[in-house]
Amino acid sequence: MVNLMLLRLSYYLSKWTKKNIHWGAPFSLSIEPTTACNLGCPECPSGLKQFTRPTGKLDLDFHENMLAQVSKSVFYINYYFQGEPFLHPQFLTLIKAAKKHRIYTATSTNAHFIDEKKAIEIVESGLDRLIISIDGLTQATYENYRVHGKLDKVIAGTKHLIEAKKQLQSATPHLIFQCLAVKPNEHEIPAIFQLGKTMGVDEVRIKSAQLYDYQHGHPLMPENQKYARYQRQADGTYRLKYKTGNYCWRMWSGSVFTWDGKVVPCCFDKDAQHVLGDLQHTSFQRIWNDASYQNFRQAVLHHRNQIDICKNCSEGAKVWV
């Protein structure tokens with residue numbers, strides 16, 4: 001609690017004074033199990049195989065070293081950045097290791113690798129939260145965005161998880177159906193809520209889609225502004241419909257580790273273009289307080305909208321429906 005108070009206080013002081021003041025250590029992390037993915041989603045650099053960084057998977061011993069460095073302050077880890085987590089052959093070993101440190105764990109999956117046996121293992125691992133991507137209610141709609149994906153596998157995997165929770169009398173993982181709202185599937189969104197209720201998932205979320213070349217419109221933009229992240233201007237171009245400013249809580253509260261130990265500012269730096277340190281050579285405490293991190297925070301406080309990864313960011317905005 002003291003650490004959280006220090007983070008909050010230093011963040012607001014920085015926001016008000018425009019001077020980088022940072023006390024405390026992060027309470028949340030995203031750790032990337034792997035960059036590999038079985039799908040080819042059109043707005044995902046992992047799915048499109050467009051990364052400049054290498055594809056690989058997190059080493060178990062390296063992961064233990066990460067946890068040893070951060071467990072005194074971190075109480076939430078999202079085991080997801082890029083890629084499909086369940087393509088890591090020891091993914092649930094990562095979850096179990098974090099649970100030994102009493103850390104809340106979450107991840108996101110396309111659910112193509114969850115059979116009856118795997119569902120039991122997931123529940124037994126102690127995973128607290130699992131987001132399941134379901135971007136359509138027909139195969140044609142679903143594969144329009146989840147290229148190479150099979151909707152029946154998503155439904156089957158979800159059913160296995162629900163049954164495993166019942167069988168083991170477990171409240172976890174908290175199951176979330178998440179639909180990325182795009183033009184091809186927006187007409188099915190009400191039915192996705194109904195499907196989630198019928199199946200017995202714990203929550204249904206509709207997420208606005210981040211699009212890379214949105215300024216002049218995009219074929220994936222939903223027509224319903226309720227689901228859109230962008231709005232049209234008088235000159236016909238588009239901009240983020242959320243107001244952004246020279247501040248970012250993420251730069252005080254959390255961090256992102258790639259599978260090979262690179263530390264990047266946040267989840268919008270998908271290709272790790274702003275590496276702030278390398279855990280293979282330097283401790284996280286030193287990286288967190290080093291000049292590179294401090295300079296990036298200072299840049300956010302003065303010209304956030306000029307930073308490439310910040311231009312399409314929804315920090316502080318409501319992106320769920």
Problem - Within straight-line cross-link reach of K15, aspartates and glutamates at Cα separation under 16 Å, skipping those fewer than 8 residues along the same chain - result: E315
Fill in the blank from the handout: Length-normalised contact order of the chain, Cα under 8 Å, at least 6 apart, in percent, tallies to 18
Handout entry: Estimated vicinal HN-Hα couplings, Hz - the range 167-173 in sequence order (Karplus 6.51, -1.76, 1.60; Gly, Pro = x)
Key = 4, 8, 6, 10, 7, 10, x
Exercise for the section: Given a cut-off of 20 Å, name the pairs among K117/K159; K183/K311; K19/K262; K243/K270; K117/K153 whose C-alpha atoms lie farther apart than that in the structure shown. Expected result: K183/K311; K19/K262; K243/K270
Exercise for the section: Give the long-range amide H neighbours of L180: residues separated by 5 or more places, or on another chain, with amide H under 5 Å away, using H modelled in the peptide plane at 1.01 Å from N. Expected result: I134, K207
Practice task
With r as the distance between the Cβ atoms of M1 and D235 and R0 = 56 Å, compute the FRET efficiency 1/(1 + (r/R0)^6) and round to 0.05.
Solution key: 0.70
Problem - For Y104, distant residues with modelled amide H under 5 Å away - result: Y76, I77
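With a ≥ b ≥ c the root eigenvalues of the C-alpha gyration tensor of the range 48-180, is it rounded (a/c under 1.5), prolate (a/b larger than b/c) or oblate? Display every interim value, and only then the final one.
Working: a/c = 2.14, a/b = 1.27, b/c = 1.68.
Note, shape of the range 48-180 comes out oblate.
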Fill in the blank from the handout: Here the range 111-127 yields Karplus 3J(HN,Hα) values (6.51, -1.76, 1.60; θ = phi - 60°; whole Hz; Gly and Pro given as x) of 6, 7, 10, 10, 9, 4, 5, 5, 4, 4, 5, 5, 5, 5, 5, x, 3
Completion exercise
Under the Karplus relation with 6.51, -1.76 and 1.60 and θ = phi - 60°, whole-Hz ³J(HN,Hα) for the range 95-101, x at Gly and Pro, equal 4, 4, 5, 5, 5, 5, 8
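Given an 8 Å cut-off on Cα distances and at least 6 residues of separation, report the relative contact order of the range 60-120 as a percent. Don't skip to the answer; put the middle values down first.
Details: 44 pairs, mean separation 25.1, N = 61.
Reported as a whole number, the value is 41 percent.
Which of rounded, prolate or oblate describes the chain when judged by the alpha-carbon gyration tensor and an a/c cut-off of 1.5?
Judged from the Cα gyration tensor, the chain comes out oblate (a/c at least 1.5, b/c at or above a/b).
Among 32-42, 198-208, how do they line up from the highest to the lowest mean number of other beta-carbon atoms within 10 Å?
Details: 32-42: 20.0, 198-208: 16.5.
Descending packing order for the listed peptides: 32-42, 198-208.
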Fill in the blank from the handout: Computed over the range 203-280, the relative contact order (Cα-Cα under 8 Å, seq sep at least six) in percent reads 17
Practice task
Could you let me know the centre-to-centre spacing of the range 5-43 and the range 255-307, using Cα atoms, in angstrom?
Solution key: 9
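Where does each of 305-313, 255-263, 117-125 land if you order them by average Cβ count within 10 Å, highest first? All intermediate terms of the calculation are to be shown ahead of the outcome.
Numbers: 305-313: 14.8, 255-263: 22.2, 117-125: 18.1.
Listed from highest to lowest mean packing, they are 255-263, 117-125, 305-313.
Each value in this text was obtained by applying a stated rule to the coordinates, not by laboratory testing. The shown structure was predicted, so the numbers you read here are calculated from the model rather than taken from an experiment. All Cβ positions, even for glycine, are placed from backbone atoms using ideal geometry, and neighbour counts span all protein chains on display.
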